Each structure stands twice: as C-alpha cells, then as structure tokens.
1. What number in nm² do you get for segment A:1-106 if you take the convex hull of its Cα atoms and divide its surface by four?
2. Can you pull the mean other chain C-beta count within 10 Å for peptide B:160-167?
3. Taking only Cα atoms and a 10 Å spring cutoff, compute GNM fluctuations for chain A and point out the largest among A:Thr75, A:Thr101, A:Thr27.
4. Karplus couplings for segment A:107-115 from phi (6.51 cos²θ - 1.76 cosθ + 1.60, θ = phi - 60°), rounded to Hz, Gly and Pro as x?
5. If we sort B:153-159, A:53-59, B:133-139 on the protection proxy, mean other Cβ atoms within 10 Å, highest first, what's the order?
6. Assuming R0 = 30 Å, what is the FRET efficiency of B:Asn69 and B:Ile139, from their Cβ-Cβ distance, to the nearest 0.05?
7. Using r as the Cβ-Cβ distance of A:Glu115 and B:Ala35, and R0 as 41 Å, what FRET efficiency do you calculate, to the nearest 0.05?
8. Can you send over the solvent-accessible area of B:Cys144, 1.4 Å probe, protein chains only, in Å² to the nearest 10?
Amino acid sequence: MSTEPFTDQQIAQLTKAFHRGASEASTALAQWLHAPMSISIDAVDQCPLESALSVLGEGDNAVCMVLMEMEGLLTGHMLLAFDDVSGLGLSDMLLSRPKGTATSWEELERSCVMETMNIAGSAYLNGIAHYLSEGCDERGELIPSPPQFLRDFAESLLQSAFMEQALFAREVVFAKARFDLSGQPLRWTFLLIPDPASLETLAEILNRLS
Amino acid sequence: MNFQSSMTPETRIRRTENQTEHKVGIGELMVMKKAGVLRTLLGSCIGLALHDPANHVGGLAHIVLPASNDTEVELPGKYADTALPELIRLIELSGGKPRQLTAKLAGGANMFAMTRLNPIGEQNLAVVEALLKEAGIPILGRHCGGKQGRRLAYDVATGIVIVESVGQPAVEL
C-alpha cells in the first residue's frame, strides 16, 4: 500500500469536514462544561514526519494525552494533548473545586479528562461522518473506542501516533484544532490522524465531494 | 502519580563547558569522536548506539522501521537494514574499528495498547538484534519494549548510555 499526497482541493474539502466536526464538538463541550466553548481548526496539515513531531512543542516535554481509536468509515487515531496544568485545571472545573486543587493525576482526575475526550471526540466524529456521508453511497458512521490516558514525552507519543502513516508514505496528514473556553485559549491540542487505509478511502470520498 | 518529581534528570552524563551535544532526530544517525553526547527521543523507534572503546569513536542511529525494502533511501538511519551498515561505515571513517564495536539498544515500545497493527516496536527490535548478530557486534545493554517512551543519551567518551522514562528512575546501560 502507498498513499499519494492530497491535492489542495482535497485538503479544502477535508478542512470543511473537520470544521463540521469542530462545530459539533464545541456544542457538546459547552453543555458538558457549562461554559461557552469553541474549537477552531488550526490546520489540516500534510508534512514530513520529522516536522509533524514538533506539533506539541518541545519533544522532551512530558505531556498528557487521551487517545481514542476510530472505526467505521475511517480508521485511525484521535487524541487530545495537554500539559499537566491545563488537564488538572479541567478536572478542578468539572468537579467544582477551586482552581489548583488537583496537583497530581489520580483516578478521579484521569476520569475527568477521559470523559471530556469521550464527549468531544464522539461529537467530533459525528460531525465529520455527517459531512463525509454526502460523498458516500450510504450513510457512514465513525465509532470511537474507549479513551486511554497516557503521560509521556511529547515526541515519543507523536512517533507512535504517526507510525502507521509513516509506514506507507513520506508525508503524514493530520488535523489540528485549538480550544477556547469563554474566550480564554486553553493549552489543549486536538489531533485527528487517519491511518493509511483511510487515507485512500478519504481521497475517493473527497473527490466525490469536490 | 506525582509529576512534580518524576522528571528529575539522571546526572551520570554530566554536561561540561566544552562538551558538544547533538540531538539525533527521527531517522537520523550521527557519529562523534573522542568526546560528546548524542541524544534522542524514542517511542516505537529503536536507538542504536555503537561504540568503539579503544578509539573513543561511536555513533547513534534513530531507527524508525525494520526494512527499507530496497526503495530509494534518503535517510539511511530510518531503516534498520540501512542504518547499521551506514553507522559502521561512518565510524570507520572516523577511525573506529568495526571488529571492536559494541552495541547498546533502547526503545521499541508499544505505547498505544489498542493499536490494530502488529507492534512495530517489536519488529524493529527483532530486526536490529538479528542484524547485529549477523555483523558479530555484541549487545552490552538494552532497555526495550514496554509501553513508555524513552529519552536516550550516549556519551561517546565513556560508552555510557542513560535511558530515562517519564515518572521512572533513569537507567544506566
């Protein structure tokens, strides 16, 4: 299997699909957090693996990540990465505790960020599936796996996230989104990384949508 | 998990004023002579340090995939089957002797437990070990597998390799 790079037109269609996902995830998160929330797509990027590894900043920073796999119309990884302060701050918010209460990743704090990803990720995938279904003969679905919490070096995590694509192509494709809560930018990064089989399927769907 | 104390760096490889340090990026390899430290970050990839103790020459490769499948290779360090011969060649050019080389390995983690693919880390490790055996290079230390990423530092002067993982004490190979 080898994958061809996406054309500009395909990237434009893919961006629209991710915007639709971001919109649905914003609505779901606003309800979950009881606060105005927006998610904006920073980029649908196609770049060499070496460049993609810096998408979370310095490679040897320890970062937290909630990971989900997607099944159905597309397969691949979806992940939410954040630093300790942002992730623990989220758990304080969800548990109605004063900011700074959580200082380490215990079961409760992990559960808070995993459930947040569950809600955001599911809504995001629904939005993408709705948009891409317009280019399919049948209504497609995207189904997320249960979330997994990881805390590790940023670059080590990204190597693993991109590895399936790197097996088959020189460039990797991913969508990156930024979160804003009540107008305050949060240090959360949402990445959606289709696997190589999906990139081929995706290219066909995007051509039909163009 | 207390993250405040989890990142305390091991100091067996001390930074001195004149010491040169280089980061070896994904798919890259680098050779140094006499003194210096080569560092890399690993997930499923393998860090392969080859060391000639007599001539104080050594190199580090950041191997991403097991085989190049004879395709055109821009980064020889990226594949196990091209990284090893290239590393040996560059060490020899720097005055090292292939028959004196020893190896230390780290990496090959399977970080995403749910992934559908056969763990690429295990495949990388198996191929690197087979190639080293074939080349007659003994493996003096390894810190491989598991589910965690690793930060590797190789001291060319001493041959010491330090491996760090988030939340774990550093390990010397």
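The values are calculated or read from the model by the stated rules, or taken from the named source; none is laboratory data. What you see is a predicted model; the values in this text were computed from it and never measured. All Cβ positions, even for glycine, are placed from backbone atoms using ideal geometry, and neighbour counts span all protein chains on display. With ligands, DNA and RNA removed, areas are computed over all heavy atoms of the protein, side chains included. Shrake-Rupley method; radii C 1.70, N 1.55, O 1.52, S 1.80 Å.
1. Reported value for the Cα convex hull: 9.2 nm².
2. 2
3. So, out of A:Thr75, A:Thr101, A:Thr27, the one fluctuating most is A:Thr101.
4. So the J values, rounded to whole Hz, are 3, 5, 5, 5, 4, 4, 6, 5, 5.
5. B:153-159, A:53-59, B:133-139
6. The computed FRET efficiency comes out at 0.75.
7. So, using R0 = 41 Å, E works out to roughly 0.20.
8. Accessible area of B:Cys144: about 40 Å².
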